[in-house]
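First the structure, in the form of structure tokens, and then the observations on it.
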Amino acid sequence: MPSIFETDAALDTLAATAITQTKELMAQSEKLRDRREKASRKRVARLFKDPKAIEATITLTDEVMRISSVQSSSRIFRRAAKKASLVGFGAVNALGLHFIGVLSRVVPGPIVGVVHQRVRALSKDLILASESEKLSKHLAKRATKGISLNINVLGEAVLGDHEAEQRFQSILEMMRRPEVNYISVKLSSIVAQLIIIDVDGSIDRVSEKMRILYRQAQEHGVFVNLDMEEYRDLPMTVAAFMRVLDEDEFAGMKAGIVLQAYLPESHHFFGELVTWAKARYEKSGGTIKVRLVKGANLAMERAEAELHGWSPAPYRTKSDVDASYVRLVDAALRPEHAKAVRIGIASHNLFHMTWAIEVAKSRGVLEQIDIEMLEGMANAEALAVTRAGQPVLLYAPVTRKDDFAAAVAYLVRRLDENTSDENYLKAAFDIAKNPAKFADQEQRFLKSIAERHTITTETLRHIEHGQLTGLTFENEPNADPTEPRFIASVEKAIKKVRGIKDQEIPLVVNGKEVFTKEQEEGSDPSDNGKVWYHYSVGTAADVDNAVATAKNAQAKWSVLTIEERAEILFAAATVMQKATTETIAVMSRDAGKTVAEADPEVAEAIDFARFYATTAQNFGESTPLGTILVVPPWNFPYAIPIGGVSAALAAGNTVILKP
């Protein structure tokens, strides 16, 4: 999915001006930095000097703060406290952590309470209290300095409808407050169990909630911004955004959406949004805003891809992400769509920020952009930008005191993001006084400007997975629920299987189908137990025939070499692989399994066939036992029987399978 916008080489010359502007902003920021911010930056800068200190900090936030058991929490705290070094925490904090770590053995409850209070205190500038009086006071204080807030009621992806409704109501309550005029919402935090493979169904469900949000927004004068989180949410979020805003009720309203530069597909979707927004603007006058971010879920996307055997969706390097970001800026800040599409430049990288401002000036679209930063991350820089004449919008996470657990994931993500050596924010703590760090970031910036012309905008997720050749074991990748060809194939298979009315399933003995008079019913648990097939029940004679057949085949099968049996099992794995969607469809109707439950079972069955074929080469002088009976349980109707059959066959046995 390539970008519809060509890059403009004339903008490259603006890099020199951007570098000069960056130096001036840094100098001004140092003058504006107050004592509290200086102390905070000093603490964070110390952490960066000691990897163990960062590890200890993540443990304190991600583990100690989440665990309800005082004993378990205190034990984990002691483990973290041991890693507190003078380099990473400073003398007072390091000695203090070691001391209360020892003390926690005697009075664990009070110590854990102290830790909670300290973490909350240190994070209060990053995560604001959502209580009305405190938040209203902070909003007013920011407004006096020309800074607005984009409120994000923190909440990660929810698992149940009850939790989703609680999150949703907390957002609606926030929108009703007179001091709030801008809010960000993640659809995965207000709609439970989004099933990405059910594209239309998921869009229908999120659209219902979006209509309520937009009505509230129109009533109270609040701008709603749809946040983007996981790669799999991207097509659905964009589709729902356009669908609902195309409805007559919302045709003239302003609304926003986020695109993440670390995903190549964002370029395609930006083009799609621009084309649609221009037509909508001409028709109704409604405008949209696209908030451009680099993306903060890189580690999660990579881990998930590795777990499932997929190609990771994001760009592979930070320099590629930076090149993608400035390419999006190049595409976004253009007079031909400036009236229909407002742009949020959301980055703490002053080089990229100032370059975007210079691009906007050169194209006469300075009024098209908003400069956006994170609350509490660079207060002096935000103030310096506003004093330079450019209003700033701060992305401000908020949470209730009794729901601080929702804030932990945000804290950990920010900490992980900012501790990367390539990240500008890590360098930002002393870049103004460190010429080497400035030069390094300057070169990274110039590289991104040059490479934006050549950075790919084609998908990195939906590429062919190269299978190892020969009889070598490799885990079968799970099917990708974001892959259009898989979605189409599984939908077709499910429709076909759902069309079966009353199928008769025979016994199979010695390669021949045997239909018996006695039959049992096969029902559909997802359709109130409706019968959709009958299967034959073997007689004693059928059992004797099966045993005799297996014994007769024993000599011929066991005489095959291990390599020959392995080739047959690998061929069987290929057959199973090609029938994946059909098998999923049958399991969904016969066992009531979802696609997400059935697909890994198919992959596991394929793994069993290849695994036992491969490990059979280590059997040495072992000899077959003879005929093996495999009787699997009902709840894993595919993987477990295939595992039993494959193991027995690989060892040279014959098998009777009783499903």
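Remarks
- If you filter segment 526-559 down to residues that are out of contact with any strand residue (DSSP E or B) (no Cβ under 8 Å at 6 or more places or on another chain) and closer than 20 Å to Val497 by Cβ, you find that the one that is surrounded by the fewest Cβ atoms within 10 Å (Cβ to Cβ) is Asn528.
- Residue within segment 74-97 that is open to solvent by 100 Å² or more (accessible area, probe 1.4 Å), closer than 25 Å to Asp402 by Cα and under 35 Å from the mean Cα position of the chain (by Cα) present: yes
- Selection of segment 113-163 for residues being hydrophobic (A, V, I, L, M, F, W, C), open to solvent by less than 30 Å² (accessible area, probe 1.4 Å) and within 19 Å of Tyr410 (Cβ to Cβ) yields Val115, Val119, Ile127, Leu128, Leu135, Leu149, Ile151, Val153, Leu154, Val158.
- Evaluated against (1) open to solvent by 10 Å² or more (accessible area, probe 1.4 Å); (2) over 16 Å from Asp125 (Cβ atoms); (3) among the hydroxyl-bearing types (Ser, Thr, Tyr), Tyr395 falls short on exactly one condition, (2).
- Cβ pairs under 6 Å, 6+ apart, first in segment 186-198 and over 18 Å from Gln169 (Cβ atoms) and open to solvent by less than 30 Å² (accessible area, probe 1.4 Å), second in a helix (DSSP H, G or I) and not hydroxyl-bearing (Ser, Thr, Tyr): Ile196/Arg232; Ile197/Ile487; Ile197/Val595
- Of all residues in segment 593-631, those satisfying the criterion of being of a type in the set (A, V, I, L, M), assigned to a helix (DSSP H, G or I) and over 28 Å from the mean Cα position of the chain (by Cα) are Ala609, Ala613, Ala616.
- Pairing residues of segment 531-552 that are of a type in the set (Gly, Ala, Ser) with residues that are surrounded by 16 or more Cβ atoms within 10 Å (Cβ to Cβ), at Cβ distances under 6 Å and at least 6 apart in sequence or on separate chains, gives Ser536/Leu507; Gly538/Leu507; Ala546/Val509; Ala546/Ile656; Ala550/Thr627; Ala550/Thr654; Ala550/Ile656.
- Members of segment 501-525 that are in contact (Cβ under 8 Å) with a residue 24 or more places away in the chain and either open to solvent by less than 50 Å² (accessible area, probe 1.4 Å) or closer than 30 Å to Ala548 by Cβ (or both): Gln503, Glu504, Ile505, Pro506, Leu507, Val509, Asn510, Val514, Thr516, Gly522, Asp524
For every residue, the table says whether it meets (1) within 30 Å of Leu234 (Cα to Cα); (2) at pLDDT 95 or above; (3) in contact with a Cys (Cβ under 6 Å, 6 or more places away or on another chain); (4) assigned to a helix (DSSP H, G or I).
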{"position": "Ile487", "(1), (2), (3), (4)": "yes, no, no, yes"}
{"position": "Thr516", "(1), (2), (3), (4)": "no, no, no, no"}
{"position": "Ala548", "(1), (2), (3), (4)": "no, yes, no, yes"}
{"position": "Leu560", "(1), (2), (3), (4)": "no, no, no, no"}
{"position": "Glu563", "(1), (2), (3), (4)": "no, no, no, yes"}
{"position": "Ala572", "(1), (2), (3), (4)": "no, yes, no, yes"}
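- In the condition set (1) under 22 Å from Met300 (Cβ atoms); (2) more than 21 Å from the chain's Cα centre (by Cα); (3) in a strand (DSSP E or B), Ser148 is compliant with all but (1).
- Per-region count, segment 578-592, residues in a helix (DSSP H, G or I), crowded, with 18+ Cβ neighbours inside 10 Å and touching a residue at least 60 places away in the same chain (Cβ under 8 Å): 8
- Which listed residue, of Leu32, Leu14, Leu25, is more than 32 Å from the chain's Cα centre (by Cα), under 15 Å from Met377 (Cα atoms) and of a type outside the set (Gly, Ala, Ser): Leu32
The values are calculated or read from the model by the stated rules, or taken from the named source; none is laboratory data. All of these numbers come straight from a predicted model, not from anything done at the bench. Cβ atoms come from the backbone with ideal geometry, glycine included; neighbour counts cover every protein chain shown. Accessible surface is based on the protein model in full, side chains and every heavy atom, while ligands, DNA and RNA are left aside. Shrake-Rupley method; radii C 1.70, N 1.55, O 1.52, S 1.80 Å.
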